[in-house]
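Undergrad: Quick one: this structure, given as structure tokens, is what I'll be asking you about.
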Amino acid sequence: GDSVTQMEGPVTLSEEAFLTINCTYTATGYPSLFWYVQYPGEGLQLLLKATKADDKGSNKGFEATYRKETTSFHLEKGSVQVSDSAVYFCALSKIYNQGGKLIFGQGTELSVKP
Amino acid sequence: NAGVTQTPKFQVLKTGQSMTLQCAQDMNHNSMYWYRQDPGMGLRLIYYSASEGTTDKGEVPNGYNVSRLNKREFSLRLESAAPSQTSVYFCASSEARLGPNEKLFFGSGTQLSVL
């Protein structure tokens, strides 16, 4: 079935370090891909998305490129800040006759130290 | 600017007790969802409602029931709670049925412990 796999956390970085969080997917057809972020004590919120191959989603300095050949959607940021500490979820969308749903990866916790 | 509101925020139950988690959205969204979040497993879909009057099972529906009371409200009921249902529960909504450009709006979650 369709699935999303993320690198395991926690990931601990110093402020201004480069961030990569790996995400790969398995799906039939051409899903859209998303990154959601969950700050402590809050619900998830959309960070960025890409709807077709080679699209690059970007927001708040984060970027991810939809790579169909490697079925990947890795999240990157050039210089992380303490405020980026959160749990990051990769997800793909799946459409059915009755509606759609998101399939999430297991989440990767990021901790940024000053 | 409430968005998606869930109640309660915390709940402790004994095995066999029942309870209902409430969810309401004020964005006039058509679709609503219930997820559970467990360590190392991400979010898993329990039930969803593509539109008012319809509900469908997700990945992990056993032990749960839902009611789409009206367009705004979507409740999740545990009839006989079990320790395996200890989790954080999130309600979410989307404007329309999920497609390439739809995004989910999440509530802040309900932390449920079943002893």
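Every number here is computed from the coordinates shown, using simple stated rules; none is lab data. On a predicted model such as this, the values are computed, not experimentally measured, just so you know. For neighbour counting, all protein chains shown are included, and Cβ atoms are generated from backbone atoms with ideal geometry for every residue, glycine included.
Undergrad: Residues that are touching a Cys at 6+ places or on another chain (Cβ under 9 Å): which strands (runs of 3 or more DSSP E) entirely in segment A:43-114 hold 1 or more of them?
TA: Correct list: A:62-65, A:75-77, A:86-95, A:100-104, A:108-113.
Undergrad: Being away from chain B (no Cβ under 12 Å) and of a type in the set (D, E, K, R) is the filter here, so list the residues in segment A:1-18 that pass it.
TA: A:15, A:16
Undergrad: Same structure again: Taking residue A:32, is it in contact with a Lys or Arg (Cβ under 9 Å, 6 or more places away or on another chain), surrounded by 14 or more Cβ atoms within 10 Å (Cβ to Cβ) and under 28 Å from residue B:60 (Cβ atoms)?
TA: In short, yes.
Undergrad: Mind listing whichever residues of segment A:31-59 are touching a residue at least 12 places away in the same chain (Cβ under 8 Å), charged (D, E, K, R) and more than 10 Å from chain B (Cβ to nearest Cβ)?
TA: A:54
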